[in-house]
1. Counting just the residues of segment 278-295 that are modelled with pLDDT of 95 or more and under 13 Å from residue 480 (Cβ atoms), which one comes out surrounded by the most Cβ atoms within 10 Å (Cβ to Cβ)?
2. Could you please find all residues in segment 173-202 being part of a loop (DSSP other than H, G, I, E, B) and either in contact with a helix residue (DSSP H, G or I) (Cβ under 7 Å, 6 or more places away or on another chain) or not charged (D, E, K, R) (or both)?
3. Which residues, counting only those in segment 96-113, are of a type in the set (Asp, Glu) and surrounded by fewer than 18 Cβ atoms within 10 Å (Cβ to Cβ)?
4. Mind telling me which of the residues 60, 116 ends up being among the polar types (S, T, N, Q), farther than 30 Å from residue 46 by Cβ and surrounded by 13 or more Cβ atoms within 10 Å (Cβ to Cβ)?
5. Scan the strands (runs of 3 or more DSSP E) fully inside segment 234-315 and keep the ones with 3 or more residues being more than 26 Å from residue 146 (Cβ to Cβ).
6. Taking residue 62 and the conditions (1) under 25 Å from the mean Cα position of the chain (by Cα); (2) at pLDDT 95 or above, which numbered condition does it fall short on, given that it satisfies the others?
7. Consider residue 298 carefully, then state whether it is at pLDDT 90 or above, touching a strand residue (DSSP E or B) at 6+ places or on another chain (Cβ under 8 Å) and surrounded by fewer than 17 Cβ atoms within 10 Å (Cβ to Cβ).
8. Are any of the residues in segment 100-114 of a type in the set (A, V, I, L, M, F, W, C), at pLDDT below 90, under 30 Å from residue 476 (Cα atoms) and in the same structural domain as residue 41 (by TED's automatic domain parsing)?
Amino acid sequence: MAPVVSVVNIVKQFPGVLANDHISFEIEEGEIHGLLGENGAGKTTLMNILSGLSQPDAGQILLRGQPVHFNNCNEAIAGGIGMVHQHFMLVPVFTVAENIILANEPTAGLQIDMRQAVSRVKELSDCFGLKADPTALVRDIPVGMQQRVEILKALSRGANILILDEPTAVLTPQEVRELYAVMHSLREHGHTIIFITHKLREIKEITDRVTVLRDGRVVNTVATDQVDEPALARMMVGRDVILHIQKQPAHPGAPALRVAGVSALSSRGLPAVKNASFEVRAGEVVGIAGVAGNGQTELVEALTGLRQIAAGQIYLDGKEITNEGTRQRLDEGLAHIPEDRQRRGLVMDFSLTENLVLGFEDSAPFRQGPLLNYQAAEEFANKVMGQFDVRAPGAQVLARTLSGGNQQKAILAREFQRQPRVLIACQPTRGLDVAATEFVHTQLIRLRDEGKAVLLVSMELTEILDLSDRILVMFEGEIVGVFQAGEASAEELGLLMAGSRSKRNDGSALGAPLGKEVLRHE
C-alpha cells in the first residue's frame, strides 16, 4: 500500500534563502510522524506547502500515490489535510459549536441550524474522546480545550491527515497528557498525524517515526524507538548538545530583589497580580511557573517599571525603587529579557549595532557630543556578537533580518553587558531550537555563578525545573506555592498551575524556602 503522504524533491526558495532543498520523505497511514529541526530548518515552509498555504518551486506531493497540487487551504482540506496552528484561530466571543461550523454552517431554510451544529459537535466529540461543550464560549474555556476545538474544527471538515504545529507550547503537563490521549484516539480511528515540535522528549513519547531537517534538507527518517534524545539533537544541530544543564549547587547571598505585597491591574483594569511577596537572592535562580495569562506578564512589567502598581513595594539591593522609572531601574542594575523580543526587546528597523548599544548610548565611549560615536558602537557590537555567537552578515544589518534565535542572543548580549545585579528573564527560550536553548541556559547559569540574581519566568516546566534553585507557582495572579529545587515534580507543579490545589493560607511571606507542606488538597 502506498504511503498516505509522499514528499518528493520539494524545493522552495525565497530571496537569498533556500528554505527547502530537495526534501523527500514518506508518511505511513495511521502513524504519528514527528517533524524535527532547528529554527530555519524548513519545517514551517514545508508544512505550508502541504497545507496549501504556499506552493513549491519544484517537486511534488503525493497522496496515497497520486500527485496533488493545492492552490489554497480549502483545496488541502478537500484533500483531507487540516492544520492546527500554534496560535489558535478561534473567535473568542463565539461558542465552541459556532467556531467549529464557521464557514461550513448547516442550514435550515435561510437560517443556520444550530441544533444540527450542536449535535454534530457532540457526535465528533464523543467519537474521539475530545469532551468539548458545544455551548461554551471559547473565551471561557481553558487553553487545552481551545486546542481541542481547533482539532474538532479540522475533523468536522473531513480531515484525516492532521498537522499539529507546536501543539504543547502553552499547555500544562496534565493538558499535554490529555492531548496525547486525543492523538492516540485519532490514530486508532485511522487518522494520520504530523507532529511538529522542538521538544525532543515529546518526539520520544508520542511519535512512531521522526524526520529530522537541517538547513532545509532531510538528515534522516528513523523509528523513534530506535534513537535516543542525544542522537536526535546531533541530527538537528550537527554536533553534541547539552540537553540538561549541569550546574553546581547555588550559594545564595543577600536578597537582591524584594517584592512586598505587590498588586497590579491588567490593561482592562482588572486585578492581575494579587499581593505578591517574594525575594530573589544574589547567586540564585528563582523560577516562576504558570500557564500563560495568570499574571506573570503584569508582574514582570510592574518589576521593570513598564506598569504602575496598585499596592506594595519593590526593593533592589535594599533600596526602594517602587516609584522609579524604567531607565532609573536600568541604571540601578535591573536588566530585562522581555517575553516579546520583537515588540519589547529590539527596534526591528534599527541596525544590530544600534540595538546593541540601546541603554548605553549616553555613556562613554558611545556618546560624541549630541551624536552617537558610530565607530565605537560598531566595535562594541562586533565584540559582543562574537562573545554571544550572534550570527549575522554584519553589525550593520537590520534586526528584523535576523532569525529568532539570533535576535534572542542579541538581547542577551546587550543585557549581560550591563553587568546587572538582577536579571529578569521572561520566556528566554520561547520558540528557540535546541542549540540556541542550550546557549541561553548556559549564560543564565553563568550569571548566577557570578553572584547575580536571576528571576526566570517561563511556561516551559522543563526549563523551570532544570534552571531554578527555587520555584514559585502563579495562578490567577497569586503565588500559590514555593518549592526548593528538587522538592516538586512536574505533575505537582502542573496541578498548582491549573488551580487544582489551594494556595498557602497561613498569611506569611513567600520569600523563604518552603516545601510541600505549604500545599493542601481542597
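The values are calculated or read from the model by the stated rules, or taken from the named source; none is laboratory data. Computed from a predicted structure; not experimentally measured. Here Cβ is always computed from backbone atoms with ideal geometry, including for glycine, and neighbour counts include all displayed protein chains.
1. Going residue by residue through segment 278-295, those that are modelled with pLDDT of 95 or more are 278-288.
Next cut, under 13 Å from residue 480 (Cβ atoms) only: 278, 288.
Numbers: 278: 22, 288: 24.
Checked segment 278-295; the qualifying residue surrounded by the most Cβ atoms within 10 Å (Cβ to Cβ) is 288.
2. Step one: filter segment 173-202 for residues part of a loop (DSSP other than H, G, I, E, B), giving 189-191, 197-199.
Across segment 173-202, the qualifying residues are 189, 190, 191, 197, 198.
3. To start, the set of residues in segment 96-113 that are of a type in the set (Asp, Glu) comprises 98, 105, 113.
105, 113, listed by residue number.
4. Numbers: 60 fails: farther than 30 Å from residue 46 by Cβ.
116 is the lone residue from the list that is among the polar types (S, T, N, Q), farther than 30 Å from residue 46 by Cβ and surrounded by 13 or more Cβ atoms within 10 Å (Cβ to Cβ).
5. On the way: elements: 255-265, 271-281, 285-289.
Where strands (runs of 3 or more DSSP E) fall fully within segment 234-315 and carry at least 3 residues being more than 26 Å from residue 146 (Cβ to Cβ), they are 255-265, 271-281.
6. If we test residue 62 against (1) under 25 Å from the mean Cα position of the chain (by Cα); (2) at pLDDT 95 or above, just (1) comes out false.
7. Details: at pLDDT 90 or above: yes; touching a strand residue (DSSP E or B) at 6+ places or on another chain (Cβ under 8 Å): yes; surrounded by fewer than 17 Cβ atoms within 10 Å (Cβ to Cβ): no.
It is false that residue 298 is at pLDDT 90 or above, touching a strand residue (DSSP E or B) at 6+ places or on another chain (Cβ under 8 Å) and surrounded by fewer than 17 Cβ atoms within 10 Å (Cβ to Cβ).
8. No, segment 100-114 contains no residue that is of a type in the set (A, V, I, L, M, F, W, C), at pLDDT below 90, under 30 Å from residue 476 (Cα atoms) and in the same structural domain as residue 41 (by TED's automatic domain parsing).
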